[in-house]
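Student: Structure provided below as structure tokens; questions to follow.
The values are calculated or read from the model by the stated rules, or taken from the named source; none is laboratory data. Everything numeric here is computed off the predicted structure, so don't read it as measured data. Cβ placement follows ideal geometry from the backbone for every residue including glycine, while neighbour counts extend to all protein chains displayed.
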């Protein structure tokens with residue numbers, strides 16, 4: 001009898017929901033302190049996840065959750081990039 005494959009779960013920084021890793025977007029802070037969006041989920045550095053929804057990104061921006069999670073200043077361009085990625089995924 002085959003064992004079902006384990007699906008990795010991650011917690012959304014904005015909503016607190018546990019979801020499969022594929023339904024999330026990773027934001028990472030490098031050792032140099034640069035913050036970037038990590039669509040592959042494999043960049044090295046301190047990372048946090050946000051659900052792929054406009055509401056979750058807006059909640060993260062409003063609550064300033066990413067800055068606290070990553071201990072770094074989050075430029076507004078990061079939030080714009082997240083919204084672009086979500087818009088592309090919907091189409």
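Student: Select, from 40, 15, the only residue that is in a loop (DSSP other than H, G, I, E, B) and touching a residue at least 40 places away in the same chain (Cβ under 8 Å).
Tutor: Values: 40 fails: touching a residue at least 40 places away in the same chain (Cβ under 8 Å).
Exactly one of 40, 15 is in a loop (DSSP other than H, G, I, E, B) and touching a residue at least 40 places away in the same chain (Cβ under 8 Å), namely 15.
Student: Taking the conditions exactly as written (under 20 Å from residue 17 (Cα atoms), over 11 Å from the mean Cα position of the chain (by Cα) and surrounded by fewer than 18 Cβ atoms within 10 Å (Cβ to Cβ)), does residue 63 satisfy them or not? Write out each step before concluding.
Tutor: Values: under 20 Å from residue 17 (Cα atoms): yes; over 11 Å from the mean Cα position of the chain (by Cα): yes; surrounded by fewer than 18 Cβ atoms within 10 Å (Cβ to Cβ): yes.
So residue 63 passes the test.
Student: Every residue in the range 1-14 that is in contact with a helix residue (DSSP H, G or I) (Cβ under 8 Å, 6 or more places away or on another chain) and more than 19 Å from residue 87 (Cα to Cα), please. First the steps, then the outcome.
Tutor: So the first thing to find is which residues in the range 1-14 are in contact with a helix residue (DSSP H, G or I) (Cβ under 8 Å, 6 or more places away or on another chain), and the list is 7-10, 12-14.
Selection gives 7, 8, 9, 10, 13.
Student: Please state which one of 84, 32 is free of Cβ contacts under 8 Å to residues at least 24 places away in the same chain and in a helix (DSSP H, G or I). Steps first, answer last, please.
Tutor: Working: 32 fails: in a helix (DSSP H, G or I).
Only one candidate passes the filter, namely 84.
Student: Ok, one more. Given 54, 31, 22, 5, which one is loosely packed, with under 11 Cβ neighbours inside 10 Å, at pLDDT below 95 and closer than 17 Å to residue 89 by Cα? If you could, list the steps in order and put the result at the bottom.
Tutor: Working: 54 fails: loosely packed, with under 11 Cβ neighbours inside 10 Å; 31 fails: closer than 17 Å to residue 89 by Cα; 5 fails: closer than 17 Å to residue 89 by Cα.
Matching residue, one of 54, 31, 22, 5: 22.
Student: Could you list all residues from the range 34-47 that are closer than 16 Å to residue 86 by Cβ and surrounded by 15 or more Cβ atoms within 10 Å (Cβ to Cβ)? Show your work before the answer.
Tutor: We begin by selecting, within the range 34-47, every residue closer than 16 Å to residue 86 by Cβ; these are 37-39, 41.
37, 38, 41 - these are the residues of the range 34-47 that are closer than 16 Å to residue 86 by Cβ and surrounded by 15 or more Cβ atoms within 10 Å (Cβ to Cβ).
Student: How about the range 37-81: which of its residues are within 20 Å of residue 9 (Cβ to Cβ) and touching a helix residue (DSSP H, G or I) at 6+ places or on another chain (Cβ under 6 Å)?
Tutor: 46, 48, 50, 52, 57, 60, 66
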